[in-house]
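Please read the structure below before turning to the comments.
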Amino acid sequence: MEHTNTDMHDNQLDEPLAPKRTRLEEFWRLFKQNRLAIAGMVFFIVFFFLAIAGFTLTRGNTPVLDPALVRLQDKLRPPLTRPNLERLRPHEIPKLGIYIFGTDDLGRDVFARMLQGSWVSLTVGFVAVGISVLIGIFLGGIAGYYGSRPIRIGQLLVLAFLFTGVVLLINKLIWAGSVVLIGSAVCILISIQIKKAASAKSRSAAARLWNFKTISIDTVVMRFVDIMLCFPSFFLILTVVALLPASIYNIMIVIGLTTWMGATRFVRAEFLSLREQDFVAAARALGLSNFRIIFRHMIPNAVAPVLVSATIGIASAILTEAGLSFLGFGVPPPHATWGNILSDGKRFIFDAPWLTFVPGIAILIIVLSFNLFGEGLRDVLNPKLRERN
Amino acid sequence: MADNEALLSVEELKVYFRSEDEVARAVDGVSFKVGREETVCLVGESGCGKTVTALSVMGLVPIPPGEIAGGRILFNDQNLLVFNDNEMQAIRGNQIAMVFQEPLTSLNPVFTIGDQIGEAIQVHQTAPPTEVIQRSEQLLKDVGIADPAQRLKDYPHQLSGGQRQRVMIAMALACDPKLIIADEPTTALDVTVQAQILRLLERIQKERSMSVLYITHDLGVVSKVADRICVMYAGIIAEQGKKDAVLKTPKHPYTQALLASLPNRDKRGQRLYSIPGTVPNPAYKPRGCPFHPRCQYAIQTCCEQFPEMCHYGDAHMARCPVIFDDGREN
């Protein structure tokens, strides 16, 4: 590769022999070999466009496909039957001219309802996982990068004040909340004063107590993760959802807030090993700030396992949402989701099996395809697993 | 050398590493100076404190467990040890840059060469993107990489070890630092590439009139690049002086032993000399002169008293009071 050129000025070096492939090309080359993962990805893309189509076709006052339009004349029609044109009023005639997935016990078009539900599943999956990945990267990054730093008593006080203040504010105790929040601001000011005085080398006993080291950041974050993992998360979600007003946003947030632990552990583990890497030391030697090192240099190197767990997390979030809807805790009734179509259909499972089969198989396919896609990603992104199959 | 000439002046630097029940005195009172446009080599065995010395100049010693226990590091007559994080960040990369030992792992695998050199420029200076690209290209050309415009788009894994070390040097040069600390920059490279990199560093140093603090354990490299040499042993400087003075008339028994253990043509067929014993554990250094258990000239005082620096003229000094006239007789 490099010849023994004596003078770099005059003789230029040869082209490097390393293959001219970008990482993306390399990634795609490996990914292509895994047929199941490709199938998963194709289903994922189809689902994505279906969900977007579902969103645009079923919204508004006069949607193209109305998922909520009741036609009692046409109830429980099997899939692929034509509507009974004589008995329907003009605005009740489905635009497609056919019930692709049949109708339910109120004569609503199951195809339209499935489309509407697919948007719910997609958004729940992505938003919930987005929330959990953001929390995971943030907490995992802090635990991994700053983990060995101890939390001082002063900082503990600030945190305690902040937490109680926010809780009080949430409970609409404006006055008490504000007072406690001001308390935390005072604590921050005291810390700054003590830090300024620290250069004088004469520290009072109070200042030393204020700076007394308690447990490390890593301990706090990771023990919190352990605590969260102890809860059976589906029941935790059920409880929270039962307490909150039923809405799709609450469900997204609750699922997101109860599934971030895996991402946190992954990111922390990656950060612990990345922190010791030479390129991080080199970045520091270039005078980069901690912020820049974490966000520009370490996170891009740490996202691979998070990406994999996120893909599989989307599948489980979709499943959780369907389960919640099935139990009646999900999105409120007029809105269709795969879970509540399934739940409505179970009363007619022998008379109208399509009402349970269609959403059931849709859930199966989506969850399966996300899992296959996720596993394909993991095989490509983790070279150690590559040789197995 | 007069004080005002020194770009970097390390004075009685002490860096300790604390663990639960012991204190490792990695650097234990090191003083040396690096003049403008001068190359100073820190030489010594593994674990003698070379790298820790360099890291403390950069302010990169991990604290804790590390601890700067004393001394001053004057750079342009400013004490770097009292600087806070932000002030140090402005110095690092901008005025003092570092080239690391392992070019294979010192580049971030997920960014292109151009991104990384560009970042080195942008962190300390504001420049429009087109100018950044232009300057990155010029830097790559300066370090002898062919087809720089194309290489800027490459990822680190597409380059060879020597090319990566050139890129690292280009990054170090990005902001025209006054001092480059090279921590064994050629250890991971094979011999021919090593020679190229050494010549490159030498040429760049002349062109840009920089100072270089070169850390190595390779006396062959030292004899090529150094203006002055500091020989370190167990956290102290055993001997320092001009290259020729130290290599030709070593005054410290450790330096003599090091030179004696080099293979050369006259010793062909003979058994290679080696220094008896091992480097002391930095947490349990012997009393007195740290080298005395391995020193063939050791006398009673060596076991009891920490040796003073003895001056031999022309800034040549050695921490050994047992004076040798020609390096052989006691």
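Coordinate-derived values only; no laboratory data. These figures come from a predicted structure and were not determined experimentally. Backbone-built Cβ (ideal geometry, glycine too); neighbour counts: all protein chains shown.
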Two-decimal ratio, region B:1-143, of alpha-carbon radius of gyration to 2.2 N^0.38 Å: 1.20
Over the Cα atoms, compute the radius of gyration (one decimal) and Dmax (the largest Cα-Cα distance, rounded to a whole number) for chain B, in Å. 20.8, 68
Based on the inverse mean of 1/r over its pairs of different Cα atoms, what is the Kirkwood hydrodynamic radius of region A:225-351, in Å? 17.3
With r as the distance between the Cβ atoms of A:LEU272 and B:LEU104 and R0 = 25 Å, compute the FRET efficiency 1/(1 + (r/R0)^6) and round to 0.05. 0.75
Quick note on B:TYR233, B:TYR273, ordering by fewest other C-beta atoms within 10 Å, gives B:TYR273, B:TYR233
Residue-averaged [θ]222 nm for chain A, counting only DSSP H segments that reach four residues, each worth -39500 (n - 2.57): -21000 deg cm²/dmol
Counting only residues 5 or more apart in sequence or on a different chain, those whose built amide H sits under 5 Å from that of B:MET98 are B:GLY93, B:ILE181
Within 10 Å of each Cβ in B:140-150, how many Cβ atoms from other chains are there, averaged over the peptide? 3
Over 30 Å (Cα to Cα) - which of B:LYS178/B:LYS251; B:LYS33/B:LYS248; B:LYS141/B:LYS178; B:LYS178/B:LYS267; A:LYS32/B:LYS141; B:LYS50/B:LYS248 fall in this group: B:LYS178/B:LYS251; B:LYS178/B:LYS267; A:LYS32/B:LYS141
Counting other Cβ atoms within 10 Å, which chymotrypsin sites (Phe, Trp or Tyr not before Pro) in region A:284-389 have at most 15 and lie in a DSSP loop? A:PHE350
Exposed loop trypsin sites (Lys or Arg not before Pro) only (DSSP loop, at most 10 other Cβ atoms within 10 Å): please give the longest stretch of chain A free of them, not including the sites. A:202-387
In a Gaussian network model over chain B where Cα atoms closer than 10 Å are linked, find which of B:ARG72, B:ARG135, B:ARG166 has the largest mean-square fluctuation. B:ARG135
With charges only on Cβ, +1 for K and R and -1 for D and E, what is the dipole size of region A:120-250 about its Cα centre, in debye, rounded to 20? 760
Sorting A:PHE231, A:PHE279 on the 10 Å Cβ count, fewest up front, what's the list? A:PHE231, A:PHE279
Once each part is reduced to its C-alpha centroid, what is the distance from region B:125-203 to region A:350-374 in angstrom? 56
Return the single residue from B:VAL143, B:VAL191, B:VAL221 with maximal mean-square fluctuation; model: Gaussian network over chain B, springs between Cα atoms under 10 Å. B:VAL191
Near the amide H of B:CYS41, under 5 Å away, which other amide H atoms are found, from residues 5 or more places off or on another chain, if H is placed in the peptide plane? B:TYR214, B:ASP227, B:ARG228, B:ILE229, B:CYS230
Enclosed volume per residue, in Å³, of the convex hull spanned by Cα atoms of region A:149-198: 57
Longest DSSP-loop-exposure-free segment, GluC sites (Glu not before Pro), chain A, at most 14 other Cβ within 10 Å: A:87-275
If you average the alpha carbon positions of region B:242-313 and of region A:228-273, how far apart do those two centres end up, in angstrom? 63
Using distinct alpha-carbon pairs, which all enter the 1/r mean, Kirkwood radius of chain A in Å: 25.4
Cα-based equivalent ellipsoid of region B:191-330: semi-axis lengths in Å, sorted from largest, via gyration tensor: 28, 19, 15
Calculate how many DSSP beta bridges within the protein assembly as shown are antiparallel, expressed in % of all such bridges and rounded to the nearest 5. 65
Determine the shielding of peptide B:191-204 by partner chains: average, over its residues, the number of Cβ atoms on other chains within 10 angstrom of each Cβ. 2
Given H placed 1.01 Å from N in the peptide plane, which residues other than close sequence neighbours of B:ALA238 have an amide H under 5 Å from its amide H? B:VAL231, B:MET232, B:TYR233
What translational D, rounded to a whole number of µm²/s, comes out for the protein assembly as shown from Stokes-Einstein when the hydrodynamic radius is the Kirkwood one over Cα pairs, at 10 °C and 1.306 mPa s? 51
Output field shielding_mean for B:153-162 (other chain Cβ, 10 Å radius) holds 4
Calculate one ³J(HN,Hα) per residue across region B:26-32 by plugging θ = phi - 60° into the Karplus curve 6.51 cos²θ - 1.76 cosθ + 1.60, and present them in order as whole Hz with x for glycine and proline. 5, 10, 10, x, 10, 10, 7
Top of B:ASN84, B:ASN281, B:ASN76 by mean-square fluctuation, Gaussian network on chain B, Cα under 10 Å: B:ASN84
Please list, in order along region A:42-52, the HN-Hα scalar couplings obtained from phi with the Karplus expression 6.51 cos²θ - 1.76 cosθ + 1.60 (θ = phi - 60°), rounded to whole Hz, x for Gly and Pro. 4, 4, 4, 5, 4, 4, 4, 5, 4, 5, 5
Mind putting a number on the dipole of chain B about its Cα centre? Charges go on the C-beta only, +1 for Lys and Arg and -1 for Asp and Glu, and I need it in Debye to the nearest 20. 860
How big is the charge dipole of the protein assembly as shown about its Cα centre, in debye rounded to the nearest 20, if each Lys and Arg gets +1 on its Cβ and each Asp and Glu gets -1 on its Cβ? 1620
Karplus ³J(HN,Hα) for region B:125-133 (6.51 cos²θ - 1.76 cosθ + 1.60, θ = phi - 60°; Hz, whole; x = Gly/Pro) runs 9, 9, 8, x, x, 5, 5, 4, 4
